[in-house]
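For reference, the structure discussed in these notes is given below.
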Amino acid sequence: MTQPATSASPKELGQSIRDHLTYSIGKDAGHASVHDWRVALSLAIRDRIVEPWFASTRATYDRHLKRVHYLSMEFLIGRLLEDSVVNLGLDDAAREALHGFGVDYDEVIHDEPEAALGNGGLGRLAACYMESMATVGIPAYGYGLRYEHGLFRQRFDHGRQVETADSWLKSRNPWEFERPEAAYEIGFGGWVEGDGAKKVWHPEESVIAAAYDTPIIGWKGRWANTLRLWSGKAVAEFDLARFNRGEYVAAGAAESLARTISRVLYPDDSTEAGKELRLKQEYFFTAASVRDIMRRFVYEGESIAKLPDRVAIQMNDTHPAIAGAELVRVLIDDFSQPFDEAADMAVRVLNYTNHTLLPEALEAWSEGLFRKILPRHMDLVERIDDHHKRRNPKRPWELSAIHHGSVHMGTLAFMQSGHVNGVSALHTELMKETVFHDLNQLHPDRIVNVTNGVTPRRWLYSANPALSALVTDTLGSEDWVDHLDQLSGLESHVTDQGWLDRYAAAKRDNKVALSNWLGETLGITPDPDALYDVQIKRIHEYKRQLLNILETIARWDEIRQNPDADWQPRVKIFGGKAAPGYAVAKEIINLINDVATVVNNDPLMKGRLMVAYPPNYNVSMAVRLIPAADLSEQISTAGKEASGTGNMKLSMNGALTIGTLDGANVEIREHVGPENFFLFGMTTEQVEARRQVPDHARKANSDCPSLSRAISLIALGTFGGDPARYGRLVDILTNWDTYLVCSDFADYQSTQRRIDASYGDRAEWNRMAALNTARMGWFSSDRSVRDYMDRVWNMEMRDGRAAARSGQPDNAIAV
Ligand SMILES: *Cc1c(COP(=O)(O)O)cnc(C)c1O
């Protein structure tokens, strides 16, 4: 491969920027806005991605490489410009080039709207994997929906969450290439014709899926993949004849369905939405992706038997699980495969990642709705279920994808997948014991674990330049950026006081920057020498922001009673959105804000306690907060958080964790060492046992006076003035406590006291923080995607390139 033209001197890059400003945007440098400069820089950078992008595609075709297709309803990408600049190594050149025009690079970077095409961890994981697959050199396509409106923007009105529409596409998106030639007509409803295996489906309505491609460039520009997002387009042109007859609404009907389908991201990833539109969205993007995959395969001229050697499809949760039935349909209807061959073939192509064990989050569709929208697929799901039963005569009678009048997408996905993976060691074991217990008995080799990871390019290298500079200086090169295990080379330095001081200085610089930003956005400027205690994630009862705010209330109360004690100054920082329909989560947001108002206006708290809750938590805010954190709150009820990835980002950046034995916390603690991790709370087993104790909430309250006092302060109207405002939360905490906030409170509180004491010995704290950074290399998403190659996709590295595993072909999978 010839060296692609990715590099540029500041002068060359400056010329490109000016050319784009002039010829692509039509602006004169003297009159260009920050937005114009940002688009010009993005286009100049994009030009340099195209060569390696083409080269990667050519290599994939020429060498007949196996491709991974990552199907995900969500891609929480955030801003792309900085990622691309950094991965091309053009950060200094871009800064200098813009400086030459009198333009500030950082201002340009921050002008980019976020691509918030996801809710939280699941969507962010997909984004990290796209970047890592490009870095590792895995030929991969990401497939998703090009939502016109991403995740809502959050603001606070008297402490309450108010949602407004996000319109990230309002201005030109410089990254995407529209692909009018890649368009598929996707049908819904209607009827099915034919008696044999092969049938003709006559949909009642249909929408065109139109492709938009975004190139994703890996570290050092060595490889680039495509993120292909589908947008709805009307099948029929606007009906002028009907319009002229005065039928204005009917004239636009096809357009209206088309626009609706890719208009909004469902702002909830944790409960089954149960909406017809949601099912249509899922089928729309999945069907378009499957057809696109098959078109590319056919183009290469291979026989259909080769499909599993060339194509792996990864279903990120069950949202794309209809891919199984769709693939079987295409194999039968378009490739004339007999049903059994098609069903067996699908298992060798498809894989499924499970993300949650919460029963309310497992997708199930009523058979009636499913048949109405997807009549052909409903028949196929019945046949697939029957096929699975025939192939597994020992299958218990109650085990079926169709149960009590519902189609269970998790069960269906499991039956049709060669491998099913959990996202942390604990989660994978719990999967085997709970949701997929019976299926695991039938298919003992099917469930594998791939612990999540995060991309170090975004979450360390560009988020934390101060720490990265120290790491590079200490290790002697930037090799660690795509070989994160090399962070272990820092370990030998943690006993060197001079080095530790530099480590601490980087953290302090980040805290000063955060303090200044909080001053600009919230009007509060916390002391950079206070302990920065950070909980940032979706607001959800199982994540237990309530536990944290109750401890904050108890702390406030005790400081007031004893202000002269030796309090370790602390800043509690929260970030996160609640699903708009999730009333309890919205009450928690309101409470945090009301507590912040009381605490921050209490003169006795000065220098002792502060609460900051900047609105609209998103990827860019995470990038600001994480490098400045001293303490990472990972306090979910054990057994509820599948993995978490925020926990990894924070620990990597030198925050110590206060956490339960849940999700990937378990593995983080093993890696960083139990002495460098603040463990508290019940284990999964203890949680199950405690739930059986009648009145556990009341018992926990009477056993812990500072907890019952904190709850009564809420009930008295101390926060927000109105005693009724938090009636529901008070009721939950005193009577139900499903997530065992009360039962874990005492241990949480005493662990927080230990943390105060520990932070008092700053040299020791810094050593523990540095050991966290040094030992977190394993949590790079580069490691995760390599694990997928090995355990799920049946691929290996050959001559530095990912390829189908040689030797034994992947036909050993028992269906
Ligand atoms: C990493 C990340 C998450 C996931 O956080 P968890 O603590 O694992 O739930 C959610 N949202 C954003 C913006 C993130 O960057």
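The values are calculated or read from the model by the stated rules, or taken from the named source; none is laboratory data. All values reported here derive from a predicted model rather than from experimental measurement. Positions of Cβ are backbone-derived with ideal geometry, glycine not excepted, and every protein chain shown enters the neighbour counts.
A few notes on this one:
- Some residue of region 322-341 being touching a residue at least 24 places away in the same chain (Cβ under 8 Å), closer than 20 Å to Ile447 by Cβ and under 26 Å from the mean Cα position of the chain (by Cα): yes
- Within region 445-468, the residues that satisfy the criterion of being more than 24 Å from Arg791 (Cα to Cα) and within 16 Å of the ligand (Cβ to nearest atom) are Arg457, Arg458, Trp459, Leu460, Tyr461, Ser462, Ala463, Asn464.
- Scanning region 500-529 for residues that are free of Cβ contacts under 8 Å to residues at least 40 places away in the same chain, in contact with a Leu (Cβ under 9 Å, 6 or more places away or on another chain) and either surrounded by 16 or more Cβ atoms within 10 Å (Cβ to Cβ) or of a type outside the set (A, V, I, L, M) (or both) yields a count of 3.
- Close Cβ contacts (under 6 Å, 6 or more residues apart or on different chains) running from residues in region 604-623 that are over 25 Å from Arg153 (Cβ atoms) and within 8 Å of the ligand (Cβ to nearest atom) to residues that are in a loop (DSSP other than H, G, I, E, B) and hydroxyl-bearing (Ser, Thr, Tyr) are absent.
- When the test is whether a residue is aliphatic (A, V, I, L, M) and modelled with pLDDT under 95, Ala211 does not pass it.
- Yes/no for Leu21 being part of a helix (DSSP H, G or I) and in contact (Cβ under 8 Å) with a residue 24 or more places away in the chain: no
- Test: residue in region 467-485 that is on the phi > 0 side of the Ramachandran plot and either out of contact with any Phe, Trp or Tyr (no Cβ under 7 Å at 6 or more places or on another chain) or assigned to a helix (DSSP H, G or I) (or both): yes
- Total residues in region 156-176, condition surrounded by 13 or more Cβ atoms within 10 Å (Cβ to Cβ), touching a Phe, Trp or Tyr at 6+ places or on another chain (Cβ under 8 Å), at pLDDT 95 or above and not aliphatic (A, V, I, L, M): 3
- Unmet requirement for Ser336, which otherwise passes all of (1) of a type outside the set (A, V, I, L, M); (2) modelled with pLDDT of 95 or more; (3) assigned to a loop (DSSP other than H, G, I, E, B): (2)
- Candidate set from region 562-591 (those that are without any contact (Cβ under 8 Å) to a residue 60 or more places away in the chain and either under 14 Å from Gly720 (Cα atoms) or not in a loop (DSSP other than H, G, I, E, B) (or both)); member that is nearest to the chain's Cα centre (by Cα): Gly575
- Test: residue in region 707-724 that is in contact with a Phe, Trp or Tyr (Cβ under 7 Å, 6 or more places away or on another chain), over 30 Å from Thr451 (Cβ atoms) and not small (Gly, Ala, Ser): yes
- Within region 140-172, being of a type in the set (A, V, I, L, M) and either over 30 Å from Val311 (Cα atoms) or touching an Asp or Glu at 6+ places or on another chain (Cβ under 9 Å) (or both) holds for Leu145, Leu151, Val162, Ala165, Leu169.
- Residue within region 426-447 that is closer than 25 Å to Val311 by Cα, modelled with pLDDT of 95 or more and in a strand (DSSP E or B) present: yes
- In region 660-705, the residues that are in a helix (DSSP H, G or I), more than 26 Å from the chain's Cα centre (by Cα) and β-branched (Val, Ile, Thr): Val687
- Scanning region 706-733 for residues that are touching a residue at least 24 places away in the same chain (Cβ under 8 Å) and not in a helix (DSSP H, G or I), we see that the one that is farthest from the chain's Cα centre (by Cα) is Thr718.
- Hits in region 238-270 (condition: surrounded by 15 or more Cβ atoms within 10 Å (Cβ to Cβ) and modelled with pLDDT under 75): Asp239, Arg242, Ala251, Asp269, Ser270
Residue-wise test of (1) within 16 Å of the ligand (Cβ to nearest atom); (2) at pLDDT 95 or above; (3) aliphatic (A, V, I, L, M).
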{"residue": "Ala642", "(1), (2), (3)": "yes, yes, yes"}
{"residue": "Gly646", "(1), (2), (3)": "yes, yes, no"}
{"residue": "Ala655", "(1), (2), (3)": "yes, yes, yes"}
{"residue": "Ala664", "(1), (2), (3)": "yes, yes, yes"}
{"residue": "Glu670", "(1), (2), (3)": "no, yes, no"}
{"residue": "Asp695", "(1), (2), (3)": "no, yes, no"}
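- Flag if Ile592 is surrounded by 20 or more Cβ atoms within 10 Å (Cβ to Cβ), within 13 Å of the ligand (Cβ to nearest atom) and at negative phi: no
- If you go through region 144-175 and pick out every residue that is closer than 17 Å to Pro614 by Cβ and among the hydrophobic types (A, V, I, L, M, F, W, C), you end up with 4.
- Criterion violated by Ser632 - all others in (1) closer than 30 Å to Pro359 by Cα; (2) more than 16 Å from the chain's Cα centre (by Cα); (3) within 11 Å of the ligand (Cβ to nearest atom); (4) in a helix (DSSP H, G or I) satisfied: (4)
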